[in-house]
Amino acid sequence: MTLNPRRLAAVWFADIVGFTRLSASDEQSAVRLVAILQQAARSATAAHGGRVVNFIGDAALAEFNSTDAAMKAAMRIQREFSAAAAEAGIDSCLRIGVHVGDVVQSEDGNLFGDGVNTAARLQEMARPCQIVCSQDVWRHLRPRGEFAFDSLGERQLEGITGKVWVFSVHDPASSPELGSQPLPVWRAALTRLARLGKVLVAYVVASLITWQL
């Protein structure tokens with residue numbers, strides 16, 4: 001197999017949530033979801049100037065010339081897939097990992113390299129219905145108002161040297177579904193402090209009432 005020189009590309013992996021379990025209980029619905037994924041992937045990549053590299057079972061790998069295009073396509077496929085699945089009477093969504101990094105392309109158009117591996121690992125760590133990206137993607141897109149980011153902290157991704165700072169991504173115009181986005185570390189800490197403060201206030205008030213009595 002001949003490989004072309006390395007180049008920089010933005011890529012994402014999208015994977016159907018709960019596909020293995022669904023395949024065991026309802027093969028027809030599982031096959032339908034794969035068809036929906038493939039149609040949504042082709043639509044999203046075409047709309048943002050990318051290409052579907054390949055489909056691997058219930059997952060899709062896509063490539064783009066910019067992080068902006070990759071992220072917009074990721075958001076689009078998430079919306080289109082969920083809507084089409086719901087229309088088919090199936091409750092399903094995607095996990096998506098987005099990264100920008102070095103890739104090499106084989107003669108048949110397939111991609112290899114650290115960029116692809118990192119995107120795959122990011123997809124694996126995403127929660128249902130969640131898009132996650134690396135710090136490299138965040139660095140490119142943080143000034144843009146079309147994307148909202150929550151830090152998930154540094155993570156050690158399997159097979160990747162060194163820790164990677166990871167962010168969840170969503171459209172700022174629409175609030176993430178409850179439970180679909182884990183709170184960033186700093187926000188979770190503030191939430192715990194707020195709860196502790198409420199407990200302390202209640203304790204002080206109760207103590208004053210008891211003292212006055």
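The values are calculated or read from the model by the stated rules, or taken from the named source; none is laboratory data. In this text the structure is predicted, and so the values were computed from the model without any measurement. Glycine gets a Cβ as well: all are built from the backbone with ideal geometry, and neighbour counts include every protein chain shown. We work out accessible area using only protein heavy atoms, side chains counted, and drop any ligands, DNA or RNA first. Shrake-Rupley method; radii C 1.70, N 1.55, O 1.52, S 1.80 Å.
Quick one: in region 18-34, of everything that is small (Gly, Ala, Ser) and out of contact with any helix residue (DSSP H, G or I) (no Cβ under 9 Å at 6 or more places or on another chain), which residue is nearest to Arg76 (Cα to Cα)?
Gly18
Of all residues in region 58-72, which are among the charged types (D, E, K, R) and over 14 Å from the mean Cα position of the chain (by Cα)?
Asp58, Glu63, Asp68
Please determine whether any residue of region 149-165 is surrounded by 14 or more Cβ atoms within 10 Å (Cβ to Cβ), in contact with a strand residue (DSSP E or B) (Cβ under 6 Å, 6 or more places away or on another chain) and within 19 Å of Thr45 (Cβ to Cβ).
Among the residues of region 149-165, not one is surrounded by 14 or more Cβ atoms within 10 Å (Cβ to Cβ), in contact with a strand residue (DSSP E or B) (Cβ under 6 Å, 6 or more places away or on another chain) and within 19 Å of Thr45 (Cβ to Cβ), which makes the answer no.
Of the residues Ala126, Ala85, only one is over 14 Å from the mean Cα position of the chain (by Cα) and among the small types (Gly, Ala, Ser); which?
Exactly one of Ala126, Ala85 is over 14 Å from the mean Cα position of the chain (by Cα) and among the small types (Gly, Ala, Ser), namely Ala85.
Being surrounded by 21 or more Cβ atoms within 10 Å (Cβ to Cβ), outside any helix (DSSP H, G or I) and among the aromatic types (Phe, Trp, Tyr), is that true of even one residue in region 65-85?
no
Tell me, please, whether a residue that is surrounded by fewer than 22 Cβ atoms within 10 Å (Cβ to Cβ) and free of Cβ contacts under 8 Å to residues at least 40 places away in the same chain can be found in region 94-105. Walk me through how you get there before you give the answer.
Residues of region 94-105 that are surrounded by fewer than 22 Cβ atoms within 10 Å (Cβ to Cβ), as a first pass: 101-102, 104-105.
Narrowing further to those that are free of Cβ contacts under 8 Å to residues at least 40 places away in the same chain: none.
Looking for residues that are surrounded by fewer than 22 Cβ atoms within 10 Å (Cβ to Cβ) and free of Cβ contacts under 8 Å to residues at least 40 places away in the same chain, one finds none in region 94-105, hence no.
Where the second residue is modelled with pLDDT of 90 or more and in a loop (DSSP other than H, G, I, E, B) and the first is open to solvent by 10 Å² or more (accessible area, probe 1.4 Å) and lies in region 111-137, which pairs have Cβ atoms under 8 Å and are six or more apart or on separate chains?
If the second residue must be modelled with pLDDT of 90 or more and in a loop (DSSP other than H, G, I, E, B), the pairs left are Pro128/Val17; Pro128/Gly18; Pro128/Cys93; Cys129/Val17; Cys129/Cys93.
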